[in-house]
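Undergrad: Take a look at this one; I'll ask things after.
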Amino acid sequence: MSEARTPAQIEADIVRRREQLAVTLDEIGVRVHPKTIIGDAKAKVASTVDQTAGRAFVTVNRVVTDVKGRFVSEDGAPRLERVVPVALLAVGVVGLLALSARKRKG
């Protein structure tokens, strides 16, 4: 059998529940406030940008390390058998571009 509650106990319970409801409504008000929503969106975008920049850095670092490994030996000396052909190709491309620009002017 349950004990009967006194009017004072019921009133105290109602007061306590009203206070809990007021706190909950305040929390909801903060969560749906436009400044809170905008702040949350900004934080999410910043987090996404940071993650994307981090992935890009790792990818670029991996590519640079790979390219460096192709043109530099493990002891740090340049691999001339690979550097010279690439340098000649670059000089050739620049020369062709210079000739092409010269013909357009003339």
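Undergrad: Which of the numbered conditions does residue 36 fail, given that it passes all the others? Conditions: (1) under 34 Å from the mean Cα position of the chain (by Cα); (2) open to solvent by 60 Å² or more (accessible area, probe 1.4 Å).
TA: (2)
Undergrad: Which one is modelled with the highest pLDDT, of the residues in region 56-105 that are open to solvent by 100 Å² or more (accessible area, probe 1.4 Å) and outside any helix (DSSP H, G or I)?
TA: Among them, the one singled out is 75.
Undergrad: Test residue 27 against the criterion of being at pLDDT below 90 and open to solvent by 90 Å² or more (accessible area, probe 1.4 Å), and give yes or no.
TA: When the stated conditions are applied, residue 27 does not pass them.
Undergrad: Hey, another quick one. Look at region 21-55 and say how many of its residues are in contact with a Lys or Arg (Cβ under 9 Å, 6 or more places away or on another chain) and outside any helix (DSSP H, G or I).
TA: Summing the residues that are in contact with a Lys or Arg (Cβ under 9 Å, 6 or more places away or on another chain) and outside any helix (DSSP H, G or I) in region 21-55 gives 0.
The values are calculated or read from the model by the stated rules, or taken from the named source; none is laboratory data. In this text, all values refer to a predicted model and were calculated from it rather than measured experimentally. Glycine gets a Cβ as well: all are built from the backbone with ideal geometry, and neighbour counts include every protein chain shown. Quick note on the areas: whole protein, heavy atoms, side chains included, nothing else; ligands and nucleic acids left out. Shrake-Rupley method; radii C 1.70, N 1.55, O 1.52, S 1.80 Å.
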